[in-house]
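Shown next, in structure tokens, is the structure this report addresses.
Please treat every number below as a calculation from the coordinates, not as lab data. Model, not experiment: these values are computed from the prediction. In this analysis, Cβ positions are derived from the backbone assuming ideal geometry, glycine residues included, and neighbour counts consider all displayed protein chains.
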Amino acid sequence: MYYLEIAPAQWHWSGKSKIVHTCIVIWVLIGGTNTVRLLQDSVIPPHALRGQKAVLRCNYDLEGDNLYSVKWYFNQKEFYRYIPTDNPPVTIFNHHPGVNVNPQLSTTKEVVLDEIDFLTSGQYRCEISGDAPKFQTASAEGLLFVVDLPDNGPDILGGRPRYTVGDHVNVTCASRNSLPAAKLSWYINGEKADSNHLIPYIHETNHEGLQTSKLGLGFKVDHKHFTRGDLKLKCTATISTVYWKSNEESVQGAGYNAFSTSMSPARGMSSGGKERTDLNLKIMFLLVQCLFLHMG
């Protein structure tokens with residue numbers, strides 16, 4: 001609600017001025033009760049996948065007003081306009097490379113972009129305007145970033161099929177040809193690897209501008225790495241909230257020491273084993289006696 005405070009002692013109104021003043025007050029009060037507003041499901045997605053469609057939504061409530069126009073802007077330049085009183089009501093401005101509007105799928109509340117590419121990345125803004133006499137306006141904006149996902153992977157390079165306690169692990173995780181470069185992480189037996197064991201590499205960029213990210217892992221194999229059986233090395237690759245993949249290798253330990261902790265030098269025989277040995281000796285003694293008796 002809008003309020004207009006008037007100090008009568010400071011103003012001298014003629015008859016015509018009073019009429020104008022009254023109209024202004026009524027117009028302000030009416031404008032304060034009905035406002036164009038955007039609804040919560042209005043979305044300009046922060047990410048979209050290269051080569052696919054992108055849906056930009058600007059849902060609104062006119063609060064009893066009539067719609068005058070819906071306009072969309074890319075980097076502050078208009079590319080889509082809907083005015084219901086125009087003929088035709090839709091105008092598409094095709095002077096933005098990478099911004100290809102699908103006229104069949106687009107509506108008064110959604111704009112659908114086809115074949116999005118890196119040039120589609122940028123700032124988008126929708127603007128909703130009510131009709132005369134108020135021409136109230138509501139708008140929303142957001143950044144859209146086009147993502148190209150990795151070809152496959154991530155791949156684990158340099159691993160060996162077996163490790164013995166005391167060996168040095170030196171492996172590399174690679175996620176190829178994406179934009180932006182994937183963020184890589186290493187895990188040893190399910191636990192995130194210590195930063196001291198990580199070997200960072202500079203991103204590689206190909207002729208299309210796609211990037212390959214690599215992250216090395218190096219450490220000395222210890223008894224603790226085999227307490228649960230095999231040694232498990234896992235690499236994960238992520239790009240914001242649109243991509244997550246992992247690759248894991250399970251490595252066997254070579255030799256007795258790989259699977260056991262240090263043992264006590266004195267290890268006695270169990271009582272059950274000793275009893276079985278005494279019984280075997282008695283049986284052998286009886287057999288020898290029988291043999292001598294038979295020969296006699």
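Points to keep in mind about this one:
- Residue ranges 210-220, 96-106 sort as 210-220, 96-106 when ordered by packing (mean number of other C-beta atoms within 10 Å per residue, highest first).
- Other-chain or far-sequence residues with amide H under 5 Å of ASN59's (modelled H): LEU39, SER42, VAL43
- Projected label distance in nm at ILE199 and ASN87, using a 7 Å step from Cα toward the beta-carbon: 7.4
- Backbone amide hydrogens, once placed in the peptide plane, bring LYS232 within less than 5 Å of ASN189, VAL251, excluding anything fewer than 5 places away on its chain.
- Pairwise centroid distance, computed over Cα atoms, of the range 105-174 with the range 188-228, Å: 24
- Note on PHE118 and THR241: the model spin-label points, each 7 Å out from Cα along the C-beta direction, lie 2.6 nm apart.
- Rounded to the nearest 20 debye, dipole of the range 155-258 from Cβ charges on Lys, Arg, Asp, Glu: 140
- Linear extension gain, HIS223 paired with GLU141, 0.36 nm per residue minus alpha-carbon span: 23.9 nm
- Shown is the FRET efficiency for GLN76 and HIS207, computed with R0 = 35 Å from the Cβ-Cβ distance and rounded to the nearest 0.05: 0.65.
- Assuming charge only on the beta carbon of Lys and Arg (+1) and of Asp and Glu (-1), the dipole of the range 55-164 about its Cα centre is about 300 debye to the nearest 20.
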